[in-house]
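One structure is given here, and the rest of the page talks about it.
The values are calculated or read from the model by the stated rules, or taken from the named source; none is laboratory data. Keep in mind the model is a prediction, meaning the values are calculated, not measured. Backbone-built Cβ (ideal geometry, glycine too); neighbour counts: all protein chains shown.
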Amino acid sequence: MTTPEAETTETEPPVQEPRDERAAASERSGSDARRPEERLEQAVRNAEQALIEYEIAVETFRVEVENFSRLHHQKLGPMYARLDELDAQIAEARAARTGDPEDLRRAQEARARVMPMPAVEELFHDWMDSEGLRPEAAAMLTDQSVRPPQRVRPSDEARKLYRELARKAHPDLADDERERDRRDEFISRVNAAYAHGDEALLRELAEEWAAGPVPAERRPSPTEELYARLEWLAQRKELLTVVARELEEGAIGSMLRLAPDDPDRLLDEIAEQLLAEVAEREAELARLLAG
């Protein structure tokens, strides 16, 4: 996967004869004054475009890996399961012939890898009765509450704190829109804490309100904002690089990279190899059972 890099291109203005010495000096001065910020803005635009392309490439590859993984499981999963079963039978046949403790241990380990799924009755032990699933089990399987939520009864102190905060921080007491927004956000937290009967959180909110609003920070200059934007873009790109590397180096990603243009052919080749291995295992098992 190629990583698009941000490139800064600069087009030099056509050379013109100066109209006069003073006008030419003024134009050079104005151009020099604007150029650093203009070049920074161009660098940010280039980096943003490069990041967008890179995100598209990473997401596209992620979807390809996910789809290939699903096809791999659907097409080859039964073959892998068959190989595990044959390995267990071979190990068990060998252990039955030798009686060696080490062979017995290997046979047990091989069989454990293909242990059949428990029956439905075992999965739902104590969950079922003569009428089917119990209400508690049905609720858990459907992500519903087993019992109706208990009603929260705030303490007297919680009620007192809530009333005081509601009076002090009511949005109608705001002098401007910004203060109203701050009070709206704060009151929403107060309401949530009271709804849960969280007296400790209400105390913390009371202390927060008593401390007053956080002083407004100095707004960064346009140049500072551009540099901050560049830094964020660089950090985002580093994160995407890690994601891309993990996808590429994973088992499915590595396989997909072997045949990016024709993954179905790769699956067919792997299936042929697995079928050959299955045939070899079956022949080995037949020899062990015959001997």
- prompt: When the stretch 188-204 is examined, which residues are found to be within 15 Å of Glu164 (Cβ to Cβ) and more than 32 Å from the chain's Cα centre (by Cα)?
  reply: Tyr194, Glu199, Leu202, Arg203, Glu204
query: Going through the stretch 189-203 one residue at a time, which ones are in the same structural domain as Tyr162 (by TED's automatic domain parsing) and basic (Lys, Arg)?
result: Arg189
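Can you go through Glu102, Glu92, Glu64 and tell me which one is in contact with a Pro (Cβ under 9 Å, 6 or more places away or on another chain), farther than 15 Å from Glu280 by Cβ and in the same structural domain as Gly253 (by TED's automatic domain parsing)?
Working: Glu102 fails: in contact with a Pro (Cβ under 9 Å, 6 or more places away or on another chain); Glu92 fails: in contact with a Pro (Cβ under 9 Å, 6 or more places away or on another chain).
Answer to the selection: Glu64.
Name the residue that is surrounded by the most Cβ atoms within 10 Å (Cβ to Cβ), counting only residues in the stretch 176-219 that are part of a loop (DSSP other than H, G, I, E, B) and touching a helix residue (DSSP H, G or I) at 6+ places or on another chain (Cβ under 7 Å). Before the answer, list the steps.
Restricting attention to the stretch 176-219, the residues satisfying the condition of being part of a loop (DSSP other than H, G, I, E, B) are 176, 196-198, 212-219.
Filter once more, so that each one left must be touching a helix residue (DSSP H, G or I) at 6+ places or on another chain (Cβ under 7 Å): 197, 213.
Values: Gly197: 16, Pro213: 12.
Out of the qualifying residues, it is Gly197.
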query: Among the residues of the stretch 90-103, which ones are surrounded by fewer than 17 Cβ atoms within 10 Å (Cβ to Cβ) and under 43 Å from the mean Cα position of the chain (by Cα)?
result: none
- request: Could you please find all residues in the stretch 231-250 being farther than 16 Å from Thr60 by Cβ and either buried (at least 17 other Cβ atoms within 10 Å of the Cβ) or touching a strand residue (DSSP E or B) at 6+ places or on another chain (Cβ under 8 Å) (or both)?
  value: Leu233, Lys237
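Okay, residues lined up against (1) within 30 Å of Leu40 (Cβ to Cβ); (2) in contact (Cβ under 8 Å) with a residue 24 or more places away in the chain; (3) in the same structural domain as Thr60 (by TED's automatic domain parsing):
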residue: Leu161; (1), (2), (3): no, yes, no
residue: Lys168; (1), (2), (3): no, yes, no
residue: Ile187; (1), (2), (3): no, no, no
residue: Gln235; (1), (2), (3): yes, no, yes
residue: Leu239; (1), (2), (3): yes, no, yes
residue: Val243; (1), (2), (3): yes, yes, yes
residue: Glu249; (1), (2), (3): no, no, yes
residue: Leu256; (1), (2), (3): no, yes, yes
message: Exactly one condition in (1) buried (at least 17 other Cβ atoms within 10 Å of the Cβ); (2) within 30 Å of Ala95 (Cα to Cα) is false for Gly253; which is it?
response: (2)
